[in-house]
Amino acid sequence: ASMSSTEDTNRGPFSSETKLIFDKVLTNIGNAYDPVTGVFKAPVKGVYYFRYSGSAFSSHDMGLSIFKGTARFVSSYEYNSGE
């Protein structure tokens, strides 16, 4: 899944954590990802591989997190260093 290539209000900047919903779904075997809510529910127990990337615009900081339920599972941050 990915986000559409057009910029809109779903990309921020935000002053608080905001769920990003990927509206461009390329593959969704078993319909485990819900493109309306942005939630992936594993249909079976196992190991799942998630890859993501992000980039901050201009002078803004940026952070991305994956949650497992309501618990933060992994995060990446990019801080504006002024350079």
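Coordinate-derived values only; no laboratory data. On a predicted model such as this, the values are computed, not experimentally measured, just so you know. Positions of Cβ are generated from backbone atoms using ideal geometry, with glycine treated the same way; all protein chains shown enter the neighbour counts.
What whole-number distance in Å separates the alpha-carbon centres of segment 60-83 and segment 17-38?
19 Å
Provide the per-residue ³J(HN,Hα) series for segment 34-41, in order, calculated from phi with Karplus coefficients 6.51, -1.76, 1.60 and θ = phi - 60°, each as a whole number of Hz, with x at glycine and proline positions.
The phi angles translate into 9, x, 8, 9, x, 10, 9, 10 Hz.
From the backbone phi of segment 66-77, what are the Karplus-calculated ³J(HN,Hα) couplings (6.51 cos²θ - 1.76 cosθ + 1.60, θ = phi - 60°) in whole Hz, Gly and Pro given as x?
Couplings: 10, 10, 10, x, 9, 9, 5, 9, 8, 9, 9, 10 Hz.
Expressed in nm to one decimal, what extension gain is obtained for the pair residue 24 and residue 65 from 0.36 nm per residue of sequence separation less their Cα-Cα distance?
12.8 nm
Gain in length, residue 1 to residue 40, computed as 0.36 nm per residue apart minus the alpha-carbon separation, to one decimal in nm?
13.0 nm
When a/c is below 1.5 the answer is rounded, else prolate if a/b is larger than b/c, else oblate, so apply that to segment 10-72 with a ≥ b ≥ c taken from the square roots of the Cα gyration tensor eigenvalues.
It is prolate, given that a/c is not under 1.5 and a/b is the larger ratio.
If R₀ is 25 angstrom, what is the calculated FRET efficiency for the pair residue 51 and residue 72, using the beta carbon separation as r and rounding to 0.05?
Between residue 51 and residue 72 the formula returns 0.90.
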